[in-house]
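Data block below; observations after.
What follows draws every value from the coordinates through simple rules; no lab data is involved. Just so it is clear, the model here is predicted, and its values are computed rather than measured. Here the Cβ is made from the backbone with ideal geometry for all residues, glycine too, and neighbour counts use every protein chain on show.
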Amino acid sequence: MQNPPLVSALGITYAYFPIQVHPGDGAIHQLLLTETESLGNDSLFSDAERGLSLTHRAMVSVDVHAKCEHQVAIERHLSVQLDKGVSGGLMERGTTTFIAGLGNAAYQGILEAGHVVRASVSAPGDSVSIQGGYISVIANPV
């Protein structure tokens, strides 16, 4: 597959989180996405399973905001998950604890073509019931 021509302009892509429940087994669970859309230089992005993939090397700024049901005093975590494939595998970045049912995670850095950005959650007990939110990725090709 040949990459589309690089245009030196930034782009933004975003997606929303539908209502979803993940087990509180301490494992990391990728959030489902819906209503993905791109603006500006949309040639910087392509679809990926449960994530947003880069088509060119870019400096990125990722924001994840989510709301979860919060009835039990168990720490629930929200993260930006990077999938760097063979060059680095899966890694969690910007991990934060939901406070009063709200979580905000962020990441800034340089990613390569083919790297995937996702949002993930984890909890050591109970469950993580996501009630909404979004992930956004601003990319500036370098």
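Quick rundown of the values:
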| read-out | value |
| --- | --- |
| Within the range 35-142, strands (runs of 3 or more DSSP E) holding 1 or more residues that are touching a residue at least 24 places away in the same chain (Cβ under 8 Å) and crowded, with 20+ Cβ neighbours inside 10 Å | 45-48, 51-54, 58-68, 77-83, 102-111, 116-122, 127-141 |
| Residues of the range 101-142 classified as touching a Pro at 6+ places or on another chain (Cβ under 8 Å) and within 17 Å of Asp42 (Cβ to Cβ), total | 0 |
| Output for the range 37-67, where each listed residue is of a type outside the set (D, E, K, R) and closer than 20 Å to Gly103 by Cβ | Gly51, Leu52, Val60, Ser61, Val62, Val64, His65, Ala66 |
